Amino acid sequence: MDLQSRPSLQLYSVRREFEADPRGTLRRVAELGYESVEVVGFSGRADLLAGLLQESGLRAISGHAHLVGVPDVEAIIRDAQILGLNAVIDPAIPRERWSTRHDIEESARGFAAVAEIAAAAGLEVGYHNHEWELQSVIDGRPALEVFAEVLDPRVVLEVDTFWAEVGGVSAPGLLSRLGDRVRYLHLKDGPLTRDTISQLPLGQGAVDVPAVLAAAPRAHRIVEFDDHDGDIFAAVEASRRFLVDRAA
């Protein structure tokens, strides 16, 4: 599947709808033109989710799960295999763990250990940023860039381009500096604020989405809304269409 011209949807975007009606929500996502998704909260219910995805015709390409310091990371990897994921991505290391180089290097060592386990299962592991990894500065550089520099080369990055901008760093510039380490993009738009309810479909906010796409042309494109004041299905459809039109 060409994940540059066929974007995926992070199911967190429709989490409320999914919890109320999992089968109907996935069917609706497929009807909107999505062929693949990124799953969240899959640990412990992979068999059920795999069945629902197969029913809907959707493929799960990646999933979010905490990986470092958890009691049974092997169980998470097994669930990822059940779902046929390419990668498991840790959604967040807490803000307080980004203030010193020592803490960053300790986190990187944790990811290296998990990468070893995942590689044996044919999986990648990665990390997804928020704004605080960019707001924290270590030796004159955003902490996320220091983290990338000390990471095991098997660990990939999923750059949330909206949160990078909220963190005060140009997302296109960041992507250019991080290079091929970036395998996945979270794409969202809106005013550059932590007020997530104001998020908008791609192309309707303050993020220069075309420049973001140009800076990471080989990264998998994943639409995500943290929240939205309106019809979420219409919003994710508009974002998909924005990306498809630019890939044509």
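The values are calculated or read from the model by the stated rules, or taken from the named source; none is laboratory data. Nothing here was measured: the structure is a model prediction, and the numbers come from that model. When the accessible area is computed, the model is the full protein with side chains, heavy atoms only, and any ligands, DNA or RNA have been set aside. Shrake-Rupley method; radii C 1.70, N 1.55, O 1.52, S 1.80 Å.
Counting only heavy atoms of the protein chains and using a 1.4 Å probe, Thr196 has close to 40 Å² of accessible surface.
What is the distance in Å between the Cα centroid of segment 144-200 and that of segment 6-62? The two parts, judged by their Cα centres, are 23 Å apart.
Taking amide H as placed 1.01 Å from N in the peptide plane, the amide H of Asp189 sits under 5 Å from that of Leu200, each at least 5 places away or on another chain. Asp227 contributes an accessible area of around 30 Å² to the protein surface, as traced by a 1.4 Å probe with all chains present.
In the chain, the DSSP beta bridges split such that about 10 percent are antiparallel, to the nearest 5.
Using square roots of five times the C-alpha gyration tensor eigenvalues, list the equivalent-ellipsoid semi-axes of the chain in whole Å, biggest first.
Working: eigenvalues 137, 107, 48 Å².
Three semi-axes, in Å: 26, 23, 15.
From Cα pairs below 8 angstrom and at least 6 apart in sequence, can you work out the relative contact order of segment 1-104, rounded to a whole percent?
Relative CO of segment 1-104 lands at 24 percent.
Where does each of Ile197, Ile104 land when they are ordered by accessible area, with a 1.4 Å probe and the largest first? Please report the intermediate quantities before stating the final value.
Details: Ile197 70, Ile104 0 Å².
Largest to smallest exposure gives the sequence Ile197, Ile104.
When the helix-only estimate is applied to the chain (DSSP H runs of n ≥ 4, each -39,500 (n - 2.57), divided by the residue count), what is the mean residue ellipticity at 222 nm, nearest 500 deg cm²/dmol? If you can, show how the numbers build up before the last one.
Values: 11 runs with 107 residues, N = 248.
One gets -12500 deg cm²/dmol as the mean residue ellipticity at 222 nm.
The residues Glu55, Glu124, Glu105, sorted by heavy-atom accessible surface at 1.4 Å with ligands and nucleic acids left out, run Glu55, Glu105, Glu124 from largest to smallest. Only protein heavy atoms count here; under a 1.4 Å probe, Glu165 has an accessible surface of about 40 Å².
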